[in-house]
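The values are calculated or read from the model by the stated rules, or taken from the named source; none is laboratory data. Here the structure is a predicted model, which is why all the values come from computation and not from measurement. Note that we place each Cβ from the backbone using ideal geometry, even for glycine, and neighbour counts take in every protein chain shown.
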Amino acid sequence: MSITQHTGTLWCRRYREITDPVARLVCFPHAGGTAPFYRPLPFALKSAVDVVAIQYPGRQDRRGEPAIDSVRALADRVHEVLAAEPVLPVVLLGHSMGAVVAFEVARRFEAAGQVPARLFASGRRGPATRHVEAVHRGGDAAILAEIRRLNGAAAAVLDNEELMRAALPALRADYRAVETYSCGPDVTVACPITVLTGDADPKTPVAEARAWERHTTGGFDLHVFPGGHFFLTDAMTEVAGLLDRHFAAGQSGAPA
């Protein structure tokens, strides 16, 4: 195995192999999240799509590597890995922190001359919409309280001291990355953006989710689902249907 192949295997997790895929769907986890968050998605999709879930450093089997605490540095690394993959139309899907990482990766693809087919931004306000947030500057208890407030998948293991002790360095790095990220209101990508959000998300009011519209010169649409910040867990089947409609439109040549 070459160094490039080895690096790609570390970053790119595939839970279902597809022969002759028509496109590649790259999925970016939330802060503290891992690639298996997206494990159900390739099995819910009907399209022949190469689904790649990104595994950030500093967690699970990459625990021995330092976590990356900058969205832009993380996007640089991910784009470098994805650029070495066989060329296919690329669709990006990111949830929460993953949405802005996906946005920055889209910018890097476009700078290299490959415009992604679409960006799906889930559970995140528009990139230029800033809030004063400093969870990463607090103690361990502050980070755990934030996870509990959002009722994320990680909340189920909050009482497991060993697991949380192992997860906290990556969690802190992720919160530092997303809380220090900034983007100008005039920064755009050419690819269309589809925004997904929960109607009871305490971090992403619908109006702030709609702010993604100003960051694309392509098409824009917004889909609101029942649920809070982690609505995507319960809505994975519906989101897969939305993705399938996009891929079907792309194959037929009709607008997505």
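Pairs, please: C-beta under 6 Å, at least 6 apart or cross-chain, first residue on the phi < 0 side of the Ramachandran plot and in the stretch 164-184, second of a type in the set (S, T, N, Q)? Final answer for the pair search is ALA177/SER70. Residue under question is VAL189, and the condition is that it be surrounded by 16 or more Cβ atoms within 10 Å (Cβ to Cβ), touching a helix residue (DSSP H, G or I) at 6+ places or on another chain (Cβ under 9 Å), at pLDDT 95 or above and among the β-branched types (Val, Ile, Thr); does it hold? Criteria met by VAL189. Within the stretch 113-169, the residues that satisfy the criterion of being of a type in the set (Lys, Arg), at pLDDT below 75 and either within 22 Å of the chain's Cα centre (by Cα) or surrounded by 15 or more Cβ atoms within 10 Å (Cβ to Cβ) (or both) are ARG148, ARG149.
List every residue pair whose Cβ atoms lie under 7 Å apart, where the two residues are 6 or more positions apart in sequence or sit on different chains, the first residue falls within the stretch 51-62 and is closer than 10 Å to CYS12 by Cβ, and the second residue, located anywhere, is part of a loop (DSSP other than H, G, I, E, B) and among the polar types (S, T, N, Q). Qualifying pairs under 7 Å: GLN55/THR34.
Among what's in the stretch 192-218 and is part of a loop (DSSP other than H, G, I, E, B) and at pLDDT 95 or above, pick the residue that is farthest from VAL90 (Cα to Cα). Step by step, filter the stretch 192-218, then rank; the result is ASP199.
If I ask for residues that are free of Cβ contacts under 8 Å to residues at least 60 places away in the same chain and either assigned to a helix (DSSP H, G or I) or among the β-branched types (Val, Ile, Thr) (or both), which ones from the stretch 86-102 would you list? Quick ask: steps written out before the conclusion?
Taking the stretch 86-102 as the starting set, the residues that turn out to be free of Cβ contacts under 8 Å to residues at least 60 places away in the same chain are 86-87.
Within the stretch 86-102, just VAL87 meets the criteria.
Within the stretch 81-110, restricting attention to residues that are in contact with a Ser or Thr (Cβ under 8 Å, 6 or more places away or on another chain) and surrounded by fewer than 24 Cβ atoms within 10 Å (Cβ to Cβ), the residue that is farthest from PHE28 (Cα to Cα) is ALA84.
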